[in-house]
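Just so it is clear, none of the values below were taken in a lab; they were calculated from the coordinates. Values in this document were obtained by computation on a predicted structure and should not be read as measured data. Neighbour counts are summed over all protein chains in view; Cβ atoms, including those assigned to glycine, are modelled from backbone coordinates with ideal geometry.
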Amino acid sequence: MQTAHRFDHIGESVIREMTRLAIKHDAINLSQGFPDFGPPPEVVEAAVDAIQGGLNQYTITWGYPPLREKLAEIYTDRLGWQVEADEHIVVTCGVTEALAAAMLAVLNPGDEIIIFDPAHETFRPGAKLADARPVSVVLQSPEFRIEREALEAAITPRTRAMILNTPHNPSGRVFDADEIATVIDVVTRHDLVLITDEIYDRILYDGREHVSPGGLEPLRDRTITIGGFGKTYAVTGWRLGYAIAPSALARAVKPAHDFLTICAATPLQAAAVAALNLPESFYEQQRADYHQRRALMTEILRDLGFHFHIPEGAYYILADYRDLPIPEAAWPADRFARWMTTEVGVAVVPGPNFYANPADGEGLIRFAYPKKLETLRAAADRMARLKG
């Protein structure tokens, strides 16, 4: 039986595979980026109230109206232009769907889209599903900076769009003003559409503040801003995201979303309104908690002999294991990650999974640390054997 050629080079998610392997071997799951602690109680209560209150049928395709109105209020302030709930916002089934809808909206067969490697594993398949060609620009470790020369070299007459993920998964970078200036220059000179993945916009360190590129004047008319609720509010299983775009781009994103999923879950969208109404003290406490988790995780990995860039945002560490004092440190990353999961009892993701050219990620594994401190300490106990 012949199947579609677009899936010839699209495999299943390695991240989700590592979670399944963790479950099978009772490993501590530091592979997939979901918290092992619960959402804010008032958000859970809002979901229960919505279900019991009868919000169990389809809502408007573009999203539950009170949620879009709240997002419009927030993003009018953040982006600096008048975001209209009915005109510019599409609530989606997670950031993954928002990215897919955005790429379907702007890419034609044969178009090219710039993706910065290392990149989340969903970016390249999303481009291929749109029959476009993903073109990688490698951010060199350990700094993972956007370099103008490498970016310019990737541009061709077929380049149509660029994906920018900041704060960045898996490196933890928050791209600075010079790097964003490079993006602005390249995007505007080559008439590109910028698609931003800003799912970690509330998880930053050392006083950093998130700046949405779509709020910068040169990018306002050509940016699809994508965000979500799963990471900030510990509801990754709710699958709630959104895309915000100027009218011309939003008009294309809307039918893509409509015929992909119709609408996101109605009662969970109602609960998302409660999440967005949480006081600033919630985010202050969250930042303090993530600073603790980062401090503990970096201490653990440094003590074991890993090399890495200290995260500036998000909750991942892409670590080089090749100087560990164990024979397994000479293994390829895929084999090492599986050994970590099945034998050491701590699940991680192999670095090559985040690169178009797997060789660029050799010697690297990704740790996700949105976990209770006791979970991270338990992982440290298991990894003690890595000291040799």
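Checking a compactness column here: for the chain, what do you get for Rg(Cα) / (2.2 N^0.38 Å), N being the number of residues? Mind showing how you got there, number by number?
Details: Rg = 20.5 Å, N = 388, 2.2 N^0.38 = 21.2 Å.
Expressed relative to 2.2 N^0.38 Å, the Cα Rg reads 0.97.
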Next on the checklist: Under a Cβ-only charge scheme (Lys and Arg +1, Asp and Glu -1), can you give me the dipole magnitude of the range 277-388 about the Cα centre, in debye to the nearest 20?
Outcome noted: 280 debye
Next on the checklist: Which log10 I(q)/I(0) values does the range 160-299 give at q = 0.09, 0.13, 0.19 Å⁻¹ under the Debye formula, counting every alpha carbon as one identical point scatterer?
Outcome noted: -0.32, -0.68, -1.26
Checklist entry - By a straight-distance test (C-alpha under 24 Å), which lysines pair with K24 as possible cross-link partners, with residues fewer than eight away in the same chain excluded? => result K371, K372
Item to check | Furthest towards positive pole of dipole, T196, T76, A177, structure part the range 41-276, Cβ charges | outcome: T196
Next on the checklist: Taking the Cα centroid of the range 164-229 and of the range 318-381, what is the distance between the two, rounded to the nearest whole Å?
Outcome noted: 28 Å
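Please state the relative contact order of the range 41-276 as a whole percent: Cα pairs under 8 Å, 6+ residues apart?
Numbers: 441 pairs, mean separation 74.4, N = 236.
32 percent.
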Checklist entry - Ranked by Cβ crowding within 10 angstrom, fewest neighbours first, how are S247, S13 ordered? => result S247, S13
Checklist entry - Taking the simple approach of a point 7 Å from Cα along Cα-to-Cβ for both S281 and F34, what is their distance in nm? => result 3.0 nm
Next on the checklist: Given R₀ = 45 Å, what would the calculated FRET efficiency be for L373 paired with Q140, taking r from the Cβ atoms and rounding to 0.05?
Outcome noted: 0.85
Checklist outcome for this item: Ranked on Cβ counts within 10 Å of their own Cβ, fewest leading, Y316, Y58 go Y58, Y316
Checklist outcome for this item: Yeah, the range 63-158 with a ≥ b ≥ c from its alpha-carbon gyration tensor (a/c under 1.5 is rounded, else prolate when a/b outruns b/c, oblate otherwise) is prolate
Checklist outcome for this item: Rounded to two decimals, the Rg over Rh value of the range 269-388 from Cα coordinates and the Kirkwood Rh reads 1.05
Checklist outcome for this item: Listed by chain and number, the residues whose amide H is under 5 Å from that of V348, excluding neighbours fewer than 5 places away on the same chain and using placed H, are T341
Checklist entry - If you put +1 on each Lys and Arg Cβ and -1 on each Asp and Glu Cβ, how big is the dipole of the chain around its Cα centre, in Debye rounded to 20? => result 840 debye
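Please give the direction-averaged projected area of the C-alpha convex hull for the range 6-91, in square nanometres with one decimal.
Working: hull surface 40.6 nm².
In nm², the orientation-averaged hull projection of the range 6-91 is 10.1.
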Next on the checklist: I'd like to know which of L249, P109, T342 lies farthest towards the positive end of the charge dipole of the chain, counting +1 on Cβ of Lys and Arg and -1 on Cβ of Asp and Glu.
Outcome noted: T342
Checklist outcome for this item: Computed ³J(HN,Hα) along the range 280-287: with the Karplus parameters 6.51/-1.76/1.60, θ = phi - 60°, integer Hz and x for glycine or proline, the list is 4, 4, 4, 6, 4, 5, 4, 4
